[in-house]
1. For the stretch 182-196, does any single residue satisfy the condition of being closer than 25 Å to residue 225 by Cβ and in contact with an Asp or Glu (Cβ under 7 Å, 6 or more places away or on another chain)?
2. May I ask you to say which residue of 79, 67, 60 is of a type in the set (Ser, Thr, Tyr), at pLDDT 60 or above, out of contact with any Asp or Glu (no Cβ under 7 Å at 6 or more places or on another chain) and part of a helix (DSSP H, G or I)?
3. Identify all residues within the stretch 208-224 that are modelled with pLDDT under 90 and touching a Lys or Arg at 6+ places or on another chain (Cβ under 8 Å); write none if there are none.
4. Is there any pair linking a residue in the stretch 166-194 that is open to solvent by less than 20 Å² (accessible area, probe 1.4 Å) to one that is basic (Lys, Arg), with Cβ under 7 Å and at least six apart or on different chains, and which?
5. Can you give me the number of residues within the stretch 343-367 that are closer than 12 Å to residue 377 by Cβ and not β-branched (Val, Ile, Thr)?
6. Between 154, 89, which is touching a residue at least 12 places away in the same chain (Cβ under 8 Å), farther than 22 Å from residue 295 by Cα, in a loop (DSSP other than H, G, I, E, B) and open to solvent by less than 80 Å² (accessible area, probe 1.4 Å)?
7. Quick one: count up the residues across the stretch 438-466 that are open to solvent by less than 40 Å² (accessible area, probe 1.4 Å) and small (Gly, Ala, Ser).
8. Considering (1) open to solvent by less than 30 Å² (accessible area, probe 1.4 Å); (2) modelled with pLDDT of 95 or more; (3) out of contact with any Phe, Trp or Tyr (no Cβ under 7 Å at 6 or more places or on another chain); (4) under 13 Å from residue 308 (Cα atoms), say which one residue 244 fails and leave the rest.
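The values are calculated or read from the model by the stated rules, or taken from the named source; none is laboratory data. Being a predicted model, the structure only gives us computed values, none of them experimental. Here the Cβ is made from the backbone with ideal geometry for all residues, glycine too, and neighbour counts use every protein chain on show. Just so you know, the surface numbers come from the protein's heavy atoms only, side chains and all, with ligands and any DNA or RNA stripped out. Shrake-Rupley method; radii C 1.70, N 1.55, O 1.52, S 1.80 Å.
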Amino acid sequence: MAAHQEKKHAEERKHQNMQNGTKASQGQWGRAWEVDWFSLASILFLLTFAPLIVYYFIMSCAQYQCSLSEPLLDLLTGSKHLADIWNRTPTLTYRAAGIYALWVTFQVVLYMCIPDFCHKFLPGYVGGVQEGAVTPAGVVNKYEINGLQAWIITHVLWFANASYLHLFSPTIIFDNWIPLLWCANILGYAVSTFAMIKGYFFPTNAKDCKFTGNFFYDYMMGIEFNPRIGKWFDFKLFFNGRPGIVAWTLINLSFAAKQRELYGEVTNSMILVNVLQGIYVLDFFWNEAWYLKTIDICHDHFGWYLGWGDCVWLPYLYTLQGLYLVYHPVQLCTAHATGVLLLGLLGYYIFRATNQQKDLFRRTNGSCRVWGKRPQHIECSYTSVDGTRHYSKLLTSGFWGWARHFNYTGDLLGSLAYCLACGFGHLLPYFYIIYMSILLTHRCLRDEHRCSSKYGQDWKRYTAAVPYRLLPGLF
């Protein structure tokens, strides 16, 4: 049986290598080698409509007080034409271009020029130079982990300006929101296009590139696994974390400042959104070294999906709750506000505790306790591109015994709390929980497809031990 499987794997590798014109022994996991019709249709849909979706949400707030139905009704009834809506949309300005260029440049400087010092005085924080996971080609990349430092420096300067320097208004982001959208799109498309050209002509590691032969799929999902410029500028780490996620909390602060400017106060709902999303952002940077082991870094190639998504989709659609509350300030009753806060904290606890269980298990190679007991696990093995056999363990205790992606369950609870903070007046702020449900369910399926290809029969033993993906007893 083993000989038959080895022969089958060898034939698959040979077929894949012929398809890609590479040497023998390419990886058996990661993104697709070939594109089926459904994947291609999905790619074309996203490339066409994702930018329009972002524009539609932002435009509906600017012109229709965040109503998602009124723009469509105006167009369908003939009350307005597309040209009428477009002509009322602010265009790209030199001011916005200057702000955005300065912002990105500043984040590049913080990323490249200031080695991390936070790990020297913050107990428990892991920063500085850290190693990532083994790539399909058997490479272990090193990263300068300094995101928390960049976040702290950025926000100290923001509050110093708001309180003492007064070089610009704290509402500057909201006041230039749509012109900044065009800047973010330009950067997103530019970096995605550059990454594709780089993958063809001067890849960082040719063995970690994948070509399907389909231009649209390769452009969206990426060719290079870890595109880099020089030794330290890693595209995935920079664009996943900076500038979008550093900006997330600044954007919310700018929305809160605008709410105060317009109405004379900041509502408890806006405070809740700032606090709960701020916790999520700080958690991301506190655990940036752990992030090197996640699906984004370990499996995704760098293309439009990450390049444009991190520049545009993340900062513009993940902050919809704060934007909505500028146009529709909501003062929650004590019970509602308390419930939202508790739900958000519960979601965060599940998200963080679940990830910590896996991290502890990995760091100790299973020599630890989960919920006071020795953890149970499944022994697995896989072969990297260079033919080396690797061994790993899949945890089946604690939260990981409840569901295979229970960390996503906590993430969804937190996402729901952000939305509930906005009350029930409009659908727009609830887009986030709808989107996150689709995204994380899709991630479950993508991750499990990779793991099935990577681990083979060992993965089947694991899914038999932990039968549910997200919700114990349901899914």
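1. Yes, because at least one residue in the stretch 182-196 is closer than 25 Å to residue 225 by Cβ and in contact with an Asp or Glu (Cβ under 7 Å, 6 or more places away or on another chain).
2. Of 79, 67, 60, the one residue that is of a type in the set (Ser, Thr, Tyr), at pLDDT 60 or above, out of contact with any Asp or Glu (no Cβ under 7 Å at 6 or more places or on another chain) and part of a helix (DSSP H, G or I) is 60.
3. The answer is 210, and nothing else.
4. Every condition considered, the pairs that remain are 171/258; 176/95.
5. Final tally of qualifying residues: 7.
6. Result: 89 is the single residue among 154, 89 that is touching a residue at least 12 places away in the same chain (Cβ under 8 Å), farther than 22 Å from residue 295 by Cα, in a loop (DSSP other than H, G, I, E, B) and open to solvent by less than 80 Å² (accessible area, probe 1.4 Å).
7. The total comes to 1.
8. (2)
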